[in-house]
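Asker: This is the structure I want to talk about, given as structure tokens.
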Amino acid sequence: MTRKLRGSVWLSISYVLLAVIGVFSVYPALWVVMSSFRTGNSLFSETLFPTAFTLEHYANLFSKYDFALWYTNTLKIALTTTVIGTVLTLLPGYAFSIFRFTGRKTMMSTLMVLGLFPGFMSMIAVFILLNLLNLLNTHLAVILVYAAGAPLFFLFAKSYFDTIPKSLVEAARIDGAGHLSIFFRIVMPLSTPLIVYTALSIFAGSFTDFLFAKLVLRTPETKTLAVGLFDMISSRQATDFTSFAAGCVLIAVPITFLFILLQRLLTEGLTAGAEKG
């Protein structure tokens, strides 16, 4: 078998595998979308596409449940967390990239190791701390914890800042610019892909998180989308699964739209700094 033929065979196999993976990835999402338009309350159906389409389940979300309130609470938490978390991620990344100080490598290694541990390992300790601070059942508690976890992913920011020519920073220093001025006026305008990637990752994580929100938020007026939808179908008497599917679709809409709209910048943010670090 010639090299060209082997390459064609492996390329064909790759396409087949990608197609299979695509089907397994898209099919469950498509089933949920179609279920949201299906009449009745059951997710089970003999066909993928419903025989009759209805928007009743979307209307039920706002008439039978506090879906608008859940959506407002989730957007407030996600947007606030995104702003704070992005700043707290970019600043350490810039500091570790530009400055050389005692203990720099030790601090970087420590933060990297801490980032390897799953967040739920510290949930009990965080719960006790929030209880002592009288912050349980508040959106502030969720925002603080989400934003505090964002800086652990500073390595992406550092890798990107390493690609920015140091001559720009040195020229700004010669002109008398301070560190904050250099960061916000020179570095940030050159870091749009990084900012988009960081902000979108934080937004998607805080927008869809369930475990910590369920642990902290207890009353109906503080519920987020994930907690509200879980409570909708968690009881044994719950049968409104098609309305649950409609809620899942509405949750996916803003995130999917942002990923499609910012796809180019997101890809640049993921790949930038891959050769330096």
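The values are calculated or read from the model by the stated rules, or taken from the named source; none is laboratory data. The structure presented is a predicted model; accordingly, all values stated were derived computationally and were not measured. All Cβ positions, glycine included, derive from the backbone under ideal geometry; neighbour counts span all protein chains shown. Just the protein is used for accessible areas: all its heavy atoms, side chains included, with ligands, DNA and RNA removed. Shrake-Rupley method; radii C 1.70, N 1.55, O 1.52, S 1.80 Å.
Asker: Rounded to the nearest Å, what's the spacing between the alpha carbon centres of the range 121-148 and the range 35-78? Just the number, please.
Answerer: 31
Asker: Percent relative contact order of the range 6-142, based on C-alpha pairs within less than 8 angstrom and at least six residues apart?
Answerer: Values: 37 pairs, mean separation 17.7, N = 137.
Relative contact order, the range 6-142: 13 percent.
Asker: Between Ile260 and Leu75, 0.36 nm times their residue separation minus their Cα-Cα distance comes to what?
Answerer: The span from Ile260 to Leu75 would gain 64.7 nm if fully extended.
Asker: Which one is right for this structure if P(r) over Cα pairs in 10 Å bins from 0, in percent is calculated from it: (i) 6, 20, 24, 19, 13, 8, 5, 3, 2, 1, 0; (ii) 6, 21, 26, 23, 16, 7, 2, 0; (iii) 7, 28, 32, 20, 10, 3, 1, 0?
Answerer: Checked against the structure: label (ii).
Asker: Counting only protein heavy atoms and using a 1.4 Å probe, what share of the accessible area of the chain belongs to carbon plus sulfur, as a whole percent?
Answerer: C and S fraction of accessible area: 71 percent.
Asker: So what is the accessible area of the chain per residue, in Å², with the probe set to 1.4 Å?
Answerer: Solvent-accessible surface per residue comes out at 59 Å².
Asker: Tell me, in nm to one decimal, what length is gained between Tyr27 and Ile128 on full extension, where the rule is 0.36 nm per residue of separation less the Cα-Cα distance? Mind dumping the intermediate values first?
Answerer: Numbers: separation 101, 0.36 × 101 = 36.36 nm, distance 4.13 nm.
Roughly 32.2 nm would be gained on extension.
Asker: Hey, which lysines would be in cross-link range of Lys64, C-alpha to C-alpha under 30 Å, not counting anything within fewer than 8 residues on its own chain?
Answerer: Lys76, Lys214, Lys223
Asker: Follow-up question, since we're still on this one. Ignoring everything except DSSP H segments at least 4 long, calculate the 222 nm mean residue ellipticity for the chain; use -39,500 (n - 2.57) per segment, divide by total residues, nearest 500.
Answerer: Computed ellipticity for the chain at 222 nm equals -22000 deg cm²/dmol.
Asker: Pop out the ³J(HN,Hα) list for the range 99-109 in order, Karplus 6.51 cos²θ - 1.76 cosθ + 1.60 with θ = phi - 60°, rounded to Hz; leave Gly and Pro as x.
Answerer: 8, 10, 9, 5, x, 4, 5, 5, 5, 4, 5
Asker: What span do the alpha-carbon atoms of the range 1-131 cover on each of the three principal axes, reported in whole Å from largest to smallest?
Answerer: The principal-axis extents, from largest down, are 68, 65, 26 Å.
Asker: Here's a follow-up. So what is the relative contact order for the chain, in percent, with contacts set as C-alpha pairs under 8 Å and at least six apart? Write out the running numbers ahead of the final one.
Answerer: Numbers: 277 pairs, mean separation 87.3, N = 277.
Relative contact order of the chain: 32 percent.
Asker: State, to one decimal in nm, how far the label point of Phe53 lies from the label point of Thr2, with both points 7 Å from Cα in the Cβ direction.
Answerer: Going from the Phe53 label point to the Thr2 one covers 5.1 nm.
Asker: Can I ask one more? Considering the chain as a Gaussian network with a 10 Å cut-off on Cα pairs, which listed residue, Ile233, Ile174, Ile251, attains the greatest mean-square fluctuation?
Answerer: Highest fluctuation among the options: Ile174.
Asker: From the phi of every residue in the range 165-176, what ³J(HN,Hα) in whole Hz does the Karplus formula 6.51 cos²θ - 1.76 cosθ + 1.60 yield, where θ is phi - 60° and glycine or proline is x?
Answerer: Per residue, the Karplus-derived 3J(HN,Hα) values read x, 5, 5, 5, 5, 5, 5, 5, 5, 4, 6, x Hz.
Asker: If you don't mind, there's one more thing I want to ask. Positive end of the dipole of the chain, charges at C-beta (+1 Lys, Arg; -1 Asp, Glu), about the Cα centre: which of Gly85, Val142, Thr222 has its Cα farthest in that direction?
Answerer: Final value for the positive-end residue is Gly85.
Asker: Have a look at Arg218, Arg38, Arg100 and tell me which one the Gaussian network model of the chain (Cα, springs below 10 Å) gives the largest fluctuation.
Answerer: The residue with the greatest mean-square fluctuation here is Arg100.
Asker: Mind telling me which of Leu180, Leu194, Leu262 comes out most flexible in a GNM of the chain, alpha-carbon contacts under 10 Å?
Answerer: Between Leu180, Leu194, Leu262, it is Leu180 that shows the largest mean-square fluctuation.
Asker: Sticking with this one: Using 1/(1 + (r/R0)^6) with R0 = 45 angstrom and r between the beta carbons of Ala252 and Thr106, what's the FRET efficiency to the nearest 0.05?
Answerer: Computed FRET efficiency for Ala252 and Thr106: 0.60.
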